[in-house]
Amino acid sequence: MAGNSQRPNRRTSNKKGAQIGSGGKRRRGLEGKGPTPPAEMRKGHVKNRVAGAKARQSARRSPARRGGKGTSELVVGRNPVVEALREGVPASTLYVQQFIDNDERVREALKLAADRGGIHLMEAPRPELDRMTNGLNHQGLVLQIPPYEYAHPEDLSAAAYDDGEDPLIVALDGVTDPRNLGAAVRSVAAFGGHGVVVPERRAAGMTAGAWKTSAGTAARTPVARATNLTRALEAYRKEGLFVVGLAADGEAEIQDVAALDGPLVIVVGSEGKGLSRLVGETCDMRVRIPMPGGAESLNAGVAAGIALYEAARRRRV
């Protein structure tokens, strides 16, 4: 018959043929999964977060990101100038009025500046000093403080990890008194911390007053400036740091917080207003310092020192 060509046999069933054996799947299913991996390798564990943060820090180890420069400052008057030079406040130029009365303070200022080295001595007429200081009573001595080189918040945690240590950082929220900043810097240095973070606006900066209160520790303890403190704290949390905010109505007392011995940020608010709303909501926990004496609040620098002491004590145990 025409067109009677042979066609290949086609399988009409979708079923597969019998399979021999299980390929070892049943045997492997009966085997154990091995020892439990260490905490650093278990996803979601706090130590895994910390390990991941360290790895990311190492991977992007580039020159330190700077938080920008402050503005230059003038210290005016004989006593303030002498005190600043005694305390080692960084200075670039000492201006001395022409034909000045050469008393003991003037002689000491000149000697301190000459002994330190790196400070330019400039003689200027009184009208020029009046113009520089906007008419303040300079008494013939004006000391110029160079702009402070702020770190970036990431620099502080990166430096701690580079040294094989858990970061211990203080953040100041709305603290406007430079002396409180200087006291916080001094406490961070005393208890082995890694630096202080301040907001870029509406906050104290590293002025001559902060330098003096730090009693020289500002030379070795970095201060970082954050464009937005809330975002800086969120970034620290993503790195695995535990963020503790000090508040009079905190839900726990500071000595009861177990996380103090790990990567930590201690946030201190202003003496009057405390923590701002957004910063308080960003914290992992708000804690209080017990005050059996009945005081309503503590100076920001004192509160930072107490919290740092407790964290340092935990780390030694």
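Details
- Segments classed as strands (runs of 3 or more DSSP E), wholly inside the range 152-267, with at least 3 members that are more than 24 Å from R314 (Cα to Cα): 223-226
- Residue-level check: of (1) open to solvent by less than 10 Å² (accessible area, probe 1.4 Å); (2) closer than 30 Å to G118 by Cα; (3) touching a Leu at 6+ places or on another chain (Cβ under 8 Å), L156 misses just (3).
- Test set (1) surrounded by 15 or more Cβ atoms within 10 Å (Cβ to Cβ); (2) of a type outside the set (D, E, K, R); (3) under 19 Å from the mean Cα position of the chain (by Cα); (4) under 26 Å from E165 (Cβ atoms) - L275 fails condition number: (4)
- A218 satisfies every condition listed in (1) touching a residue at least 60 places away in the same chain (Cβ under 8 Å); (2) buried (at least 24 other Cβ atoms within 10 Å of the Cβ); (3) within 16 Å of the chain's Cα centre (by Cα) except (1).
- Selection within the range 92-109 - within 28 Å of E149 (Cβ to Cβ) and either part of a loop (DSSP other than H, G, I, E, B) or open to solvent by 60 Å² or more (accessible area, probe 1.4 Å) (or both): S92
- Where a residue in the range 175-191 is farther than 7 Å from A204 by Cβ and its partner, wherever it lies, is among the basic types (K, R) and crowded, with 20+ Cβ neighbours inside 10 Å, with Cβ under 6 Å and at least six apart: none
- Failed item, numbered, when T176 is tested on (1) in contact with a helix residue (DSSP H, G or I) (Cβ under 6 Å, 6 or more places away or on another chain); (2) within 19 Å of A303 (Cα to Cα); (3) among the hydroxyl-bearing types (S, T, Y): (1)
- Any hit, the range 254-262, residues being in contact (Cβ under 8 Å) with a residue 60 or more places away in the chain, open to solvent by 20 Å² or more (accessible area, probe 1.4 Å) and out of contact with any Lys or Arg (no Cβ under 6 Å at 6 or more places or on another chain): no
- Of the listed requirements (1) surrounded by 13 or more Cβ atoms within 10 Å (Cβ to Cβ); (2) among the aliphatic types (A, V, I, L, M); (3) out of contact with any Phe, Trp or Tyr (no Cβ under 6 Å at 6 or more places or on another chain); (4) over 22 Å from S214 (Cβ atoms), A114 misses just one: (1).
- Single condition F242 does not satisfy, out of (1) open to solvent by 60 Å² or more (accessible area, probe 1.4 Å); (2) hydrophobic (A, V, I, L, M, F, W, C); (3) touching a Gly at 6+ places or on another chain (Cβ under 8 Å): (1)
- G269 touching a strand residue (DSSP E or B) at 6+ places or on another chain (Cβ under 8 Å), open to solvent by less than 70 Å² (accessible area, probe 1.4 Å), more than 15 Å from D173 (Cα to Cα) and in contact (Cβ under 8 Å) with a residue 40 or more places away in the chain: no
- Conditions (1) farther than 30 Å from K69 by Cβ; (2) part of a loop (DSSP other than H, G, I, E, B): number failed by R315: (2)
- Filter pass, V89 being outside any loop (DSSP other than H, G, I, E, B), in contact (Cβ under 8 Å) with a residue 12 or more places away in the chain and β-branched (V, I, T): no
- Scan the range 122-149 for residues that are part of a helix (DSSP H, G or I) and open to solvent by 90 Å² or more (accessible area, probe 1.4 Å) and the total you get is 3.
The values are calculated or read from the model by the stated rules, or taken from the named source; none is laboratory data. These figures come from a predicted structure and were not determined experimentally. Note: ideal-geometry Cβ built from the backbone for every residue, glycine included; neighbour counts use all protein chains shown. The area values use the complete protein model at the heavy-atom level, side chains included, leaving out ligands, DNA and RNA. Shrake-Rupley method; radii C 1.70, N 1.55, O 1.52, S 1.80 Å.
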